[in-house]
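The values are calculated or read from the model by the stated rules, or taken from the named source; none is laboratory data. Since the model is a prediction, treat every value here as computed from it, not as a measurement. Here the Cβ positions follow ideal geometry from the backbone for every residue, glycine too, while neighbour counts run over all protein chains shown. Heavy atoms of the whole protein, side chains included, go into the accessibility calculation; ligands, DNA and RNA do not. Shrake-Rupley method; radii C 1.70, N 1.55, O 1.52, S 1.80 Å.
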Amino acid sequence: MKISHELPLSLMHNAYEWNDYDYCLPHLIDKYDQYKLFFQKSRLDKRFVIMDNGLFEGVTHTTEDLIEKINLVRPSIFIVPDEWNDANATLRNAKSWMINYKQGLPEGVELMAVCQGKDLLELMTTYQTLLDLGYNNIAFNHSSCAYQEMYPTFAGTEPLKASMYGRMEFIRRLVEKDIIRKTVYHHLLGCSLPQEFMAYKDWSFIKSVDTSNPILVGAEG
């Protein structure tokens with residue numbers, strides 16, 4: 001897997017050495033000139049770039065703002081807007097971007113959609129529907145209420161473990177039922193516990209992951 005660690009501005013000059021690719025949060029482009037210039041240079045240097053839509057950070061972008069950022073950075077992949085645990089809203093957005101906006105994006109920019117749902121069945125149905133919509137890039141989110149329900153022993157006391165085991169089980173079920181499409185580019189959104197990496201060593205269809213774990217652990221001493 002390609003790994004990108006979230007870096008503070010003071011360490012972004014190490015990104016090319018420490019990260020296999022660059023992960024862009026669009027709201028920070030407006031906030032910090034240094035951040036904007038980094039990603040413009042990253043693409044000029046032909047780095048692989050994934051641009052998020054801001055859901056996890058609690059930022060709501062207009063479609064016009066996101067398209068402006070896409071044209072500025074020209075990421076390799078843009079993650080279309082999704083909604084926490086809401087399969088229907090996520091699929092509506094995914095369909096809208098595929099039909100209404102994909103053709104107008106800069107050449108080389110591909111779309112990625114996120115699996116969302118309230119339970120395992122919804123997650124699996126969302127995955128299959130995204131394939132039917134023509135998505136060749138799919139992300140597995142790291143914090144679904146479905147994961148907490150699958151591992152209630154951890155959910156109350158160690159929610160990060162519940163999320164980790166839940167996502168692992170979700171992907172395992174996709175493999176077990178032969179639903180997974182191995183030619184699709186799969187991304188793990190926000191890996192909170194690095195132990196999770198070990199679960200995917202034999203699953204080459206998972207191509208990349210983003211994580212803030214080293215920075216958070218360092219900040220906590």
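For region 170-211, which positions are of a type in the set (A, V, I, L, M) and touching a residue at least 12 places away in the same chain (Cβ under 8 Å)?
171, 174, 175, 179, 180, 184, 188, 189, 193, 199, 206, 209
Are any residues in region 145-168 of a type in the set (Gly, Ala, Ser), surrounded by 14 or more Cβ atoms within 10 Å (Cβ to Cβ) and without any contact (Cβ under 8 Å) to a residue 60 or more places away in the chain, and if so, which ones?
Hits for region 145-168 are 155, 162, 163, 166.
Filter the strands (runs of 3 or more DSSP E) completely within region 11-123 down to those with at least 2 residues that are over 18 Å from residue 133 (Cβ atoms) and open to solvent by less than 50 Å² (accessible area, probe 1.4 Å).
Result: 22-24, 49-51.
Only one of these is in contact with a helix residue (DSSP H, G or I) (Cβ under 8 Å, 6 or more places away or on another chain), modelled with pLDDT under 95 and not hydrophobic (A, V, I, L, M, F, W, C): 118, 161. Name it.
Every option except 161 fails the conditions.
Which one is nearest to residue 8 (Cα to Cα) among residues in region 172-221 that are acidic (Asp, Glu) and in a loop (DSSP other than H, G, I, E, B)?
220
Looking at region 22-65, which of its residues are of a type in the set (A, V, I, L, M, F, W, C) and closer than 22 Å to residue 188 by Cβ?
Matches in region 22-65: 24, 25, 28, 39, 48, 49, 50, 51, 55, 56, 59.
Does region 169-178 hold any residues that are surrounded by 19 or more Cβ atoms within 10 Å (Cβ to Cβ) and either farther than 18 Å from residue 209 by Cα or among the polar types (S, T, N, Q) (or both), and which are they?
Scanning region 169-178 gives a single hit, 174.
List, please: which pairs have Cβ atoms under 9 Å, are six or more places apart or on different chains, and start with a residue in region 72-93 that is small (Gly, Ala, Ser) and end with one that is open to solvent by 70 Å² or more (accessible area, probe 1.4 Å) and not in a helix (DSSP H, G or I)?
Every condition considered, the pairs that remain are 76/110; 87/118; 89/83.
Is it the case, given these coordinates, that residue 157 is at negative phi and out of contact with any strand residue (DSSP E or B) (no Cβ under 9 Å at 6 or more places or on another chain)?
yes
Could you tell me whether any residue of region 115-125 is without any contact (Cβ under 8 Å) to a residue 12 or more places away in the chain, of a type outside the set (Lys, Arg) and within 20 Å of residue 93 (Cα to Cα)? Walk me through how you get there before you give the answer.
Within region 115-125, the subset without any contact (Cβ under 8 Å) to a residue 12 or more places away in the chain is 121.
Still in the list and also of a type outside the set (Lys, Arg): 121.
Next, from what is left, pick out any that are within 20 Å of residue 93 (Cα to Cα): 121.
Yes, some residue in region 115-125 is without any contact (Cβ under 8 Å) to a residue 12 or more places away in the chain, of a type outside the set (Lys, Arg) and within 20 Å of residue 93 (Cα to Cα).
Can you find a residue that is farther than 21 Å from residue 209 by Cβ and in contact with a strand residue (DSSP E or B) (Cβ under 6 Å, 6 or more places away or on another chain) anywhere in region 71-88?
no
Identify, from the list 123, 105, the residue that is in contact with a Phe, Trp or Tyr (Cβ under 9 Å, 6 or more places away or on another chain), of a type in the set (A, V, I, L, M) and farther than 24 Å from residue 197 by Cα.
It is 105.
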